[in-house]
Structures are given as structure tokens and as C-alpha cells.
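> This is the structure, below, for whatever I ask next.
The values are calculated or read from the model by the stated rules, or taken from the named source; none is laboratory data. Note that the structure is a prediction, hence the values are computed from the model and not measured. Positions of Cβ are backbone-derived with ideal geometry, glycine not excepted, and every protein chain shown enters the neighbour counts. Accessible surface is based on the protein model in full, side chains and every heavy atom, while ligands, DNA and RNA are left aside. Shrake-Rupley method; radii C 1.70, N 1.55, O 1.52, S 1.80 Å.
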Amino acid sequence: MEDKKHGEEQLCTLEKRGNLFFLTLTGAGEHRLNPNLISSLRSALSRLQSDPSASSSSALITAAQGKFFSSGFDLDWAQSSEPRLQLMSSSLRSLVHDLICLPMPTIAAVTGHASAAGMMLALSHDYVVMRRDRGFLYMSEMDIGLVVTNWFMVLMRSKIGDPRARREAVMRAAKLTAEDGVRMGIVDSAHDGAEATVAAAVELGEALVARKWDGHVYGGNLRVVLREVLEAVGYDEAVEEVADKARSKL
């Protein structure tokens, strides 16, 4: 199963190798999350969901080409108009929902920088493995003058148990290496180089597949475990802020 759809192959590909699915953000760019890239990723996940074997002991590995996993939201595109910001926010929340609701374990192989919404994309996976010699996890909101969204924090609380680690990531905008991430409980393992990181994701994926879990049961349990996250991504803060401003003028 390989993604060959016209207009999407420059953004991402989906390939199946045995019981593992590989979702790859393609190209040497920053993989900024705008509606085009997010739509391409959601389309790939939809095709994965429709594969008859998807719920039968499978796993998904998400990786990216180049030096970036994802630099986060495409703010230059979004900040030109309020509807664009709302569309981008809504699209990413839908993508996170899709990832959480897959009937299989998911692994992010972070081989480059993952910033802000790009870090949220990584944390939306069940496991994170990361390259130790290049790249960092970086919540940039403090440095660029933005208030972090509520659903970002709900997701972070579900994945990062230590409040001191969350403070370091969010309130100090620390650029966290793979080894920092392992120490803080954000990253499952650190590896030397991109190939070793992807290989570690494959090894983990094969170990999970070997458990022969029913995908529907796995997905059902994950929806219970991450219920608060799913509820949070169902609330559009950007739209609500616009509504609040309108109500304040009445």
C-alpha cells in the first residue's frame, strides 16, 4: 500500500511493509502545518483506516524527511486572516483526533526539530523515539509571544506526568534534546542518527505487533485513556474567542 495520489506525494506518503504502516512527511522543508499538509496527512490516515488489515495487529510509524519533523503551524499563512487561523486550528485538532482513534499503536520517529504544534503532532502518538545528535522539542510560544492553547496543555498533561517538565517545556521554552526528553519522560528512547531512530521505531512497532492485539480493543482502550484529550480537541478556542469578542460588543 503506497500513497501515489496526485498533488499529495510532495507532502506525505503512506506505505505498508508487512504489518507496519509508514507515514512520511516528504521533502526537505520545515513541514509547517497548514491545511494543505494536514489534509494530506488526514487523507493518508483515512486510507489506512479503510485497509482491511489495519485493525488486525498493525502499527503506524510517522517520520519526516530533512532536518525538521515539523516546525509547527504555518503562522505566516494563518495570521493573514482570522478565518485562516480558525481553519488551521480546526484542521490540526481533527488530525490529532484521527491519530488517537486509529485501531493500532502509533510511533513518532522524530529525526529533526519538532516545534510547537509540531511537538504536539509528535506527542499525539503513543510512543516517541528521537534522534539524539540533531533536533529538539521546542514549545516556542513564550519566545514568539503567543498564549498556548488549552488543548495543547491537555495533551501535554496526558503525556508528561511531571509538572516540572511541563514548566520547563512551556514556561521556559526550553529546546529539549532527545536525552532531555528521555530524562523528563517525554521521549521513550534516544538514538544516534536518523536511520537508527527509524530502525528503533520499527523494532518497537514489530514488538507491539507481535502481541497480536485486536485493533478495535486497542483503539477503544486508548479513547478511554485519552478521553480528556479527545474532549479538548473538540472545542475550538479560536472560534470561541471570536464569539466572545462579538458578545462583548452587544
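> Looking only at the range 18-36, which residues are farther than 15 Å from residue 107 by Cβ and surrounded by fewer than 22 Cβ atoms within 10 Å (Cβ to Cβ)? Working first, answer last.
Applying the first criterion (farther than 15 Å from residue 107 by Cβ) to the range 18-36 yields 26-36.
Those that are farther than 15 Å from residue 107 by Cβ and surrounded by fewer than 22 Cβ atoms within 10 Å (Cβ to Cβ): 26, 27, 28, 29, 30, 32, 34, 35, 36.
> Would you point out the residue of the range 183-204, among those that are free of Cβ contacts under 8 Å to residues at least 24 places away in the same chain and farther than 18 Å from residue 67 by Cβ, that is least open to solvent (accessible area, probe 1.4 Å)?
Ranking the qualifying residues of the range 183-204, first place goes to 199.
> Give the range 120-140 a look and list any residue that's farther than 19 Å from residue 101 by Cα and either open to solvent by less than 20 Å² (accessible area, probe 1.4 Å) or of a type in the set (Lys, Arg) (or both), or say none.
129, 130, 131, 132, 134, 135, 137, 139, 140
> Just the residues that are in contact with a Gly (Cβ under 9 Å, 6 or more places away or on another chain) and open to solvent by less than 20 Å² (accessible area, probe 1.4 Å), please, taken from the range 156-177.
The answer is 160, 165.
> All but one of (1) assigned to a strand (DSSP E or B); (2) touching an Asp or Glu at 6+ places or on another chain (Cβ under 6 Å); (3) among the hydrophobic types (A, V, I, L, M, F, W, C) hold for residue 63; state the number of the condition that does not hold.
Looking at each condition in turn, residue 63 falls short on (2).
> Would you be able to say whether some residue in the range 131-154 is under 14 Å from residue 34 (Cα atoms), assigned to a helix (DSSP H, G or I) and within 15 Å of the chain's Cα centre (by Cα)?
No, the range 131-154 contains no residue that is under 14 Å from residue 34 (Cα atoms), assigned to a helix (DSSP H, G or I) and within 15 Å of the chain's Cα centre (by Cα).
> What's the total number of residues in the range 56-84 that are of a type in the set (Gly, Ala, Ser) and touching a strand residue (DSSP E or B) at 6+ places or on another chain (Cβ under 7 Å)?
If we filter the range 56-84 for residues that are of a type in the set (Gly, Ala, Ser), which is where we start, we get 56-59, 63-64, 66, 70-72, 78, 80-81.
Okay, now just the ones that are also touching a strand residue (DSSP E or B) at 6+ places or on another chain (Cβ under 7 Å), so 58-59, 63-64, 70-72.
Residues meeting the conditions: 7.
> Let me ask something else. Could you tell me which numbered condition residue 48 fails, if it satisfies all but one of (1) of a type outside the set (Gly, Ala, Ser); (2) within 22 Å of residue 154 (Cα to Cα); (3) over 12 Å from the mean Cα position of the chain (by Cα); (4) open to solvent by less than 10 Å² (accessible area, probe 1.4 Å)?
Of (1) of a type outside the set (Gly, Ala, Ser); (2) within 22 Å of residue 154 (Cα to Cα); (3) over 12 Å from the mean Cα position of the chain (by Cα); (4) open to solvent by less than 10 Å² (accessible area, probe 1.4 Å), only one is false for residue 48: (2).
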